[in-house]
Amino acid sequence: MAELQEVQITEEKPLLPGQTPEAAKTHSVETPYGSVTFTVYGTPKPTRPAILTYHDVGLNYKSCFQPLFQFGDMQEIIQNFVRVHVDAPGMEEGAPVFPLGYQYPSLDQLADMIPCVLQYLNFSTIIGVGVGAGAYILSRYALNHPDTVEGLVLINIDPNAKGWMDWAAHKLTGLTSSIPEMILGHLFSQEELSGNSELIQKYRNIITHAPNLDNIELYWNSYNNRRDLNFERGGDITLKCPVMLVVGDQAPHEDAVVECNSKLDPTQTSFLKMADSGGQPQLTQPGKLTEAFKYFLQGMGYMASSCMTRLSRSRTASLTSAASIDGNRSRSRTLSQSSESGTLSSGPPGHTMEVSC
């Protein structure tokens, strides 16, 4: 780590009553695979891990995570944890375009940059929050460094390498669609894209007119060349920490997340399937995701006195046992939530909680 840079900035965002602007420090650190930029908010807590985020393709940490971490109920969490937002190389705001022929790091190499970040900050453990490609990167890091990861929130993870059929479909799509449209199809559902809401228009504009679009294409190519994580329930290759898997209903990655859930340890994994959230739950349903994150942290022994509001008021009763294709999930539960009832019926004990809210 030869070259270190530090810039003091203050992020502009709406403040809650009595809240002061949150100072952010942006750093760049050299790694064996190039420079990586990350932004730190808050003061390290000696007895608590840092929350470390990693964004998806086509986004940076702000466009991927700002709506979630600026959400009012999230303030209780960020007051209790320092957080580190990592930007993939060339994705940070103002990043120069890489020269022609630049070899962009693989997703495995991007994961290998994270120890340099933690070493520079002198952080020993993290709770990772990743979306899409970022979820894959944090999972790879957790497989390589399990002792430094206390928990993972993985949104839209696809742990599988592309098969031949996927490659053929990808190539055919590339003949008729631009890079921005292909990435938008990765981020959002077809229903969302057809509806062309204000959110879709915003992110289409962000990606289409990105000054670093060539860099984004390199990150996109690395994602499409990812290796299989080879998760195996009951095997040696698995995530050893608590995991919350999140996906929106009708999202492009719904099947991949469901399959990932079937391969992880059911005693350590919860599955949150969010209704009306589309392809990016952290953008469209930050309130529900914040509440679920609080429960997740409570399950890890943090924030025991946190006040639960939205999901606890809207919880209903539909606890059913569900069998998976391998039979190992016959005792898993599905918890459906709606605002029509406030009761919770008892059900069979389960390892994996599948939440549809």
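The values are calculated or read from the model by the stated rules, or taken from the named source; none is laboratory data. Model, not experiment: these values are computed from the prediction. Positions of Cβ are backbone-derived with ideal geometry, glycine not excepted, and every protein chain shown enters the neighbour counts. Only protein heavy atoms, including side chains, enter the accessible area calculation; ligands, DNA and RNA are left aside. Shrake-Rupley method; radii C 1.70, N 1.55, O 1.52, S 1.80 Å.
Only strands (runs of 3 or more DSSP E) whose full extent lies in segment 27-97 are considered here, and the ones with at least 3 residues that are open to solvent by 10 Å² or more (accessible area, probe 1.4 Å) and within 14 Å of Val117 (Cα to Cα) are 34-41. Checked against (1) over 18 Å from His55 (Cα atoms); (2) surrounded by fewer than 17 Cβ atoms within 10 Å (Cβ to Cβ), Leu229 passes all but condition (2).
Of the helices (runs of 4 or more DSSP H) that lie entirely inside segment 229-306, those containing 1 or more residues that are over 22 Å from Gly132 (Cβ atoms) and modelled with pLDDT under 95 span 286-299. For segment 249-303, filtered to residues that are among the aliphatic types (A, V, I, L, M) and more than 16 Å from Ile127 (Cβ to Cβ), the residue that is most open to solvent (accessible area, probe 1.4 Å) is Val258.
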